[in-house]
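Quick notes on the structure that follows.
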Amino acid sequence: MPAPRIKDLRVIQLGGGGVNDSTVVKVVTDQDGLYGYGCATDTFPGGRTRLVAAAVEQYLKPLLVGRTTDRIEQIWQISYMSSYYKNDTILNCAIAGVCDALWDIKGRQAGMPVYQLVGGKCRDAADIYLHVNMGAQDPGRQLVENSMKLVDQGCRNLLVAMFLRDGAGDTLYGQPKFDDGSVPFDRDKETRKILRAFETFRKEMPAHIGLAVDVHSLLDTVRAVQFAKDVEPFRLFYCEDLLPPEESDHYRIIRQHCTTPLALGELWNNAHEWQPLVQERQIDYLRHHISHVGGFTAARKIAAYAENYQVRFAWHGAPNSPVGRMANLTLDLTCENFGFHEHIDYPSLVQDVFPGYAQIKDGYAWISEKPGWGIEVDEALAAKHPITDERPNEFRTRDGSVIQGTG
Ligand code: MG
């Protein structure tokens, strides 16, 4: 039987209902009923969602229609080399959407989940972590109460995120916002709050419950070094994105000052930015958003590279992308150096549009046994919820200076 050929590439985007960053590419073949879905999500906040759609429809579609679907690696290389200027998140997301859809097609052809196509499982399910919030009034108490609810559901690992909204302060003029609507972020107030809350957490929570923090690159270099030292007694499973890619050299300094495990990655899409840190064992976990690096095909290579240096991965888990999260989970179950699976509950709209998403039970993510990624897409329902234009967040100190970060 001749190999199927790519007949069409379509972009499906989902907005509304707390969702505005879910992009899926559907590769349609010339064989009746044979198609596949791949995640091309340029994740929030600040994802250039409309540009990803244009990259697929205006650049990859003319390049790829008519080619056979069975040469995934070759199509990945053709797409990647199609631009003289490489490694931007937009093109990487577009490539991820197409090539992950080709993996889906290959699984549907074989009647197997993708994990079987790459050698099968090396573990049965993936250990998850959940996000937990602190209150503003009594952060330690609130953190413990919220954590106990999640532990009662079977979760063993929890992460607290440092967010702009949690560290909101006043402007230099005593106002809650700047003229453009952006909110001042008080980095010292927020770090003090987290440290106090972690102290309460470690006194009151069972010792085996894992704890982590995502700094979202909101601290400057000196504050980041100090914070990594300050959280050392709390025995975190990792401290995430202490610094942005532009300051990655400083991870060496942090490593010399404390034993806090370090994770980075969702802001990194170019391997040359983090390879020296892996080779020198300066970090412990890679956390790429896998559509940002080119999808399942690229992420498998990253995982294999990191395995040689005993560096683990814990892929960034976009909340609104079940197709992408199934690709994450496939890597989690088939690669030796898996660390953690980031799980965020899907909004009800996402659950309705993507039947077949990964199931969570007793603190583990369980993969679908259906062919391909095991997920269908209700395209008619998605069409009723188009994406909307968003104004990107701004992050400022109280004197108006713009700072790095997200949230
Ligand atoms: Mg993060």
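Condition first: free of Cβ contacts under 8 Å to residues at least 40 places away in the same chain and touching a Ser or Thr at 6+ places or on another chain (Cβ under 8 Å). Now tell me which residues in segment 84-114 satisfy that.
LEU91
Could you check how many residues of segment 319-353 are within 16 Å of the ligand (Cβ to nearest atom) and of a type outside the set (Gly, Ala, Ser)?
9
Return yes when VAL65 is open to solvent by less than 10 Å² (accessible area, probe 1.4 Å) and on the phi < 0 side of the Ramachandran plot and no when it is not.
no
Restricting to segment 1-31, count the residues that are under 17 Å from TYR357 (Cβ atoms) and aliphatic (A, V, I, L, M).
4
With the condition being under 23 Å from the mean Cα position of the chain (by Cα), crowded, with 16+ Cβ neighbours inside 10 Å and within 16 Å of the ligand (Cβ to nearest atom), I'd like the helices (runs of 4 or more DSSP H) fully within segment 135-243 carrying at least 2 qualifying residues.
Those helices (runs of 4 or more DSSP H) span 221-230.
Return the total of residues in segment 32-62 being surrounded by 16 or more Cβ atoms within 10 Å (Cβ to Cβ) and within 17 Å of the chain's Cα centre (by Cα).
Total meeting the criteria: 10.
Look through segment 14-31, keep the residues that are open to solvent by 20 Å² or more (accessible area, probe 1.4 Å) and at pLDDT 95 or above, and return whichever of them is farthest from GLY374 (Cα to Cα).
ASP30
Restricting to segment 251-278, give me the number of residues that are within 23 Å of the chain's Cα centre (by Cα) and open to solvent by 10 Å² or more (accessible area, probe 1.4 Å).
So the count comes out to 10.
Restricting segment 282-318 to residues that are within 16 Å of the ligand (Cβ to nearest atom) and in contact (Cβ under 8 Å) with a residue 60 or more places away in the chain, which is farthest from VAL25 (Cα to Cα)?
The residue in question is ALA314.
The values are calculated or read from the model by the stated rules, or taken from the named source; none is laboratory data. This structure is a prediction, so every number in the text was calculated from the model and none was measured. Cβ sites come from the backbone with ideal geometry, for glycine too, and all protein chains shown count toward neighbours. Side chains are part of the model used for accessible areas, which takes the heavy atoms of the whole protein and leaves out ligands, DNA and RNA. Shrake-Rupley method; radii C 1.70, N 1.55, O 1.52, S 1.80 Å.
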